[in-house]
1. If you find the alpha carbon centre of the range 158-173 and of the range 63-110, how far apart are they in angstrom?
2. At what distance in nm do the modelled label points of residue 163 and residue 131 sit from each other, each positioned 7 Å from its Cα along Cα→Cβ?
3. How far is it, in nm, from the label point at residue 145 to the one at residue 45 when both lie 7 Å from their Cα along the line to the Cβ?
4. Would you mind ranking 69, 104, 15 by Cβ crowding within 10 Å, fewest neighbours first?
5. Only loop residues by DSSP count here, and only those with at most 15 other Cβ atoms within 10 Å; note down the GluC sites (Glu not before Pro) in the range 112-149 that meet that.
6. Report the GluC sites (Glu not before Pro) located in the range 1-109 that are in a DSSP loop and have at most 14 other Cβ atoms inside 10 Å of their Cβ, or state none.
7. Once R0 is set to 22 Å, what does the formula 1/(1 + (r/R0)^6) return for the Cβ-Cβ distance between residue 95 and residue 37, expressed as a FRET efficiency to the nearest 0.05?
8. Pairs of alpha-carbon atoms within less than 8 angstrom and 6+ residues apart define the contacts here; what relative contact order does the range 2-158 have, in percent?
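Values quoted throughout were computed directly from the atomic coordinates according to the rules given, and no laboratory measurement underlies them. The structure presented is a predicted model; accordingly, all values stated were derived computationally and were not measured. Methodologically, a virtual Cβ is constructed for each residue, glycine included, from the backbone with ideal geometry; neighbour enumeration extends over all protein chains shown.
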Amino acid sequence: MKIVLIGYMGSGKSTLGKALSDKLNYTFKDLDTEIELKEEINIATIFSEKGEIYFRKKENEVLRNIIATQNQIVLATGGGTPCYGTVMDYLKESDDVVTVYLKTSLDVLTERLYSEKEKRPLISHLESKEKLQDFIRKHLFERLFVYNKAALVISVDNKDVSKVVEELVLKLF
């Protein structure tokens, strides 16, 4: 089985992905990290030097390669990954792939991301919590249609990692 975690930045895809892969004894991969390894530069540099279109092409290429060649894997995607091109349709049509949307409220995302916005180039320029919340609200509204196409939707608000992992395992098996 290939478990693909989707959701907005800050929803816990990497944290939960690592914990879930440990629990299942699966391999964990973070799509952004895999892109950085392939390109030999970080995501922020790819965006600034080569642009978003180049990044999305590489993201799609690396994602499809992982899905085609890996088994027993938990893959954490970028927040926008399923929303570009035919990525979500590809994932839904792929054999042995289960997509999981980590549903996180606007308030929880705002709190999580405000404290770490300097580490996230997409939001580092937003000075106030209100501007950050407006930014997240706009993106969530645009992406919810795609996120909700996931095979499983798990609410992660106010739950610790072990509780979410337990819930996921019950729904997956």
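1. Their Cα centres are 17 Å away from one another.
2. 3.4 nm
3. 3.7 nm
4. Working: 69 8, 104 22, 15 14.
Exposure proxy ranking, most exposed first: 69, 15, 104.
5. Values: sites: 116, 118, 127, 130, 142; in loops: 116, 127.
Sites meeting the loop and neighbour criteria: 116, 127.
6. Details: sites: 34, 36, 39, 40, 49, 52, 59, 61, 93; in loops: 40.
When the GluC sites (Glu not before Pro) of the range 1-109 are filtered for loop state and at most 14 Cβ neighbours within 10 Å, 40 remain.
7. Details: r = 26 Å, r/R0 = 1.16.
With R0 = 22 Å, the Cβ-Cβ based efficiency is 0.30.
8. Working: 203 pairs, mean separation 54.8, N = 157.
Across the range 2-158, relative contact order equals 35 percent.
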